[in-house]
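K.L.:
Please see the structure below; I have some questions.
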Amino acid sequence: MLESVPIAAASQNLGEFHRGMKELGHEEGRTYLVLYRSADGRTERFAPLAAELVRQNVDVFLTRGTPATLAARDTESGIPVVTSAIADPLEAKAVQSLAAPGGTVTGLTSQVNELGAKRMELLKALAPGIARLGALVNPDNPASFAGWKIVEAAAPDLRLRVEMIDVRKPEALEAALDAAVKNGVDSLIIGVDPLAQASQVVEFTQRQRLPAAFAARSYVDAGGLLSYGVYYPTLYYRAATYVDKILKGAKPAELPMERATKFELVINRKTARALKIAIPPDLLLRSDEIVD
C-alpha cells in the first residue's frame, strides 16, 4: 500500500480493505500480507517508496491518489497497480480508458475533480455571507490543480471571488493560510491533496473563524464545518475485488475501472453554532449525517 498518511490515520480504510479480502476467501498474514508505506503528505517521497516496495517483490500495488498511482506505475516494474481512489485517471494519463485501462493501472476513480464546484455551492448555501474564497491547491499534484480549474470556473456563478492558495510542502501550509486571510480571504475550500492534514487545517479555520468546506468527512469529525465527497471506505472495500482478481491471474489492462457511486454530505452542527451559522432546513434534509 502506497499512501499519503500514516497507517493510524488510514485504519478505517484499511479495515474495509481487509473486510473485502476476507469475504473473498483471503486471510491476512496467511494468504496475503500488506506492506504499508506513507509519504506523510510529501509528494516527492512516493517515487523512492514505490522503488523500495518493488525491491520487496510485492505482487500488487494498492494506491490512493494521483501522485501515488503514477509513482507506482512509473517504476516500470510491470507490477499491477490497483488504485483505491484516483481523481481523473484519463486526465492523468494513468489509463487509456475506464472500460479498457490498457496498462498496469486499474481500480476505482473517485471523481473528486468534479466535486469541487458542488462543495463550493454547498458552502455558499450554508454561509451565504462569504465573498472571497481561498482554495488550497498543490500545483505539483495534477488532481489538485485540475480541481482548482473547476472551482475557478464555477466561482462567478456563485458570486464568489476565488483565490488560489499555492502550497507544495506541509511546512509552508500555515504561512500560506495566514497570508490568504491577511489578503481578505473569508472562507476556504480544501480538496484532496494529502498535505492538508486535518488537525492543522481545522485548527486554523477554528482559530480564524472561517467557514470551510472539505473533501472528506475526517475533517468534519475533527471539527471542520462541512464535507462533501466520496465515501472512501467503500472504495477500499471494492479495491479488494481488484486485488483478488489480479492475485488470481487477471491483467489490470483488462479490468474496467469503476466510478465512485457513494457520496456523502456531513455537517458539524457544533462548528456551525460557533460560527453563528444557522443550517438551512434543506441542507439538514440533504445531509447524510450531522455531527455534534
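K.L.:
Which of (1) out of contact with any Gly (no Cβ under 8 Å at 6 or more places or on another chain); (2) modelled with pLDDT of 95 or more; (3) closer than 29 Å to VAL34 by Cα; (4) not acidic (Asp, Glu) is the odd one out, the single condition TYR237 does not satisfy?
P.N.:
The failed condition is (1).
K.L.:
All but one of (1) part of a helix (DSSP H, G or I); (2) in contact with a helix residue (DSSP H, G or I) (Cβ under 8 Å, 6 or more places away or on another chain) hold for ALA94; which doesn't?
P.N.:
(1)
K.L.:
With respect to LEU210, is the statement that it is in contact with a Leu (Cβ under 8 Å, 6 or more places away or on another chain) and either farther than 30 Å from VAL60 by Cα or buried (at least 20 other Cβ atoms within 10 Å of the Cβ) (or both) true?
P.N.:
Criteria met by LEU210.
K.L.:
Hey, another quick one. Within the group GLU258, GLU289, GLU203, which residue is within 30 Å of ALA100 (Cβ to Cβ) and out of contact with any Cys (no Cβ under 7 Å at 6 or more places or on another chain)?
P.N.:
GLU258
K.L.:
Separate question: Restricting to region 121-147, name every residue that is open to solvent by 10 Å² or more (accessible area, probe 1.4 Å), assigned to a helix (DSSP H, G or I), touching a strand residue (DSSP E or B) at 6+ places or on another chain (Cβ under 8 Å) and not small (Gly, Ala, Ser).
P.N.:
The one that is open to solvent by 10 Å² or more (accessible area, probe 1.4 Å), assigned to a helix (DSSP H, G or I), touching a strand residue (DSSP E or B) at 6+ places or on another chain (Cβ under 8 Å) and not small (Gly, Ala, Ser): PHE145.
K.L.:
Please specify each residue of region 227-283 satisfying the condition of being assigned to a loop (DSSP other than H, G, I, E, B) and closer than 27 Å to GLU16 by Cβ.
P.N.:
Within region 227-283, TYR231, LYS248, GLY249, ALA250, LYS251, LEU255, PRO256, MET257, ALA260, THR261, LYS262 meet the criteria.
K.L.:
Taking into account only those residues within region 236-252 that are buried (at least 23 other Cβ atoms within 10 Å of the Cβ) and under 18 Å from the mean Cα position of the chain (by Cα), which is nearest to GLU3 (Cα to Cα)?
P.N.:
Going through the qualifying residues, I end up with TYR236.
K.L.:
Please go through region 256-276 and pick out each residue that is closer than 21 Å to VAL82 by Cα and open to solvent by less than 50 Å² (accessible area, probe 1.4 Å).
P.N.:
MET257, ALA260
K.L.:
For region 94-114, which positions are of a type outside the set (D, E, K, R), open to solvent by 20 Å² or more (accessible area, probe 1.4 Å) and closer than 21 Å to SER287 by Cα?
P.N.:
Result: GLN111, single match.
K.L.:
Let me ask another. For THR75, indicate whether it is among the hydroxyl-bearing types (Ser, Thr, Tyr) and in contact with a strand residue (DSSP E or B) (Cβ under 8 Å, 6 or more places away or on another chain).
P.N.:
It is false that THR75 is among the hydroxyl-bearing types (Ser, Thr, Tyr) and in contact with a strand residue (DSSP E or B) (Cβ under 8 Å, 6 or more places away or on another chain).
K.L.:
Now for a separate question. What number of residues within region 159-208 satisfy the criterion of being part of a helix (DSSP H, G or I), in contact with a helix residue (DSSP H, G or I) (Cβ under 6 Å, 6 or more places away or on another chain), over 17 Å from VAL220 (Cβ atoms) and not β-branched (Val, Ile, Thr)?
P.N.:
2
K.L.:
Being modelled with pLDDT of 85 or more, of a type in the set (D, E, K, R) and under 16 Å from the mean Cα position of the chain (by Cα) is the requirement here; does ASP193 meet it?
P.N.:
no
K.L.:
Then there's this: Would you mind telling me which numbered condition in (1) in contact (Cβ under 8 Å) with a residue 24 or more places away in the chain; (2) under 15 Å from the mean Cα position of the chain (by Cα); (3) open to solvent by 60 Å² or more (accessible area, probe 1.4 Å) ARG161 fails?
P.N.:
All conditions pass for ARG161, except number (2).
K.L.:
Under 7 Å by Cβ, and 6 or more places apart or on different chains, what pairs join a residue from region 271-292 that is touching a residue at least 60 places away in the same chain (Cβ under 8 Å) with one that is open to solvent by 70 Å² or more (accessible area, probe 1.4 Å)?
P.N.:
Taking only residues 6 or more apart or on different chains, the pairs are LEU275/ARG209; ILE279/ARG269; VAL291/ASP221; VAL291/ARG269.
The values are calculated or read from the model by the stated rules, or taken from the named source; none is laboratory data. Predicted, not measured: the structure shown is a model, and the values here were computed from it. Here Cβ is always computed from backbone atoms with ideal geometry, including for glycine, and neighbour counts include all displayed protein chains. In case anyone asks, the SASA skips ligands and DNA or RNA and just uses the protein heavy atoms, side chains included. Shrake-Rupley method; radii C 1.70, N 1.55, O 1.52, S 1.80 Å.
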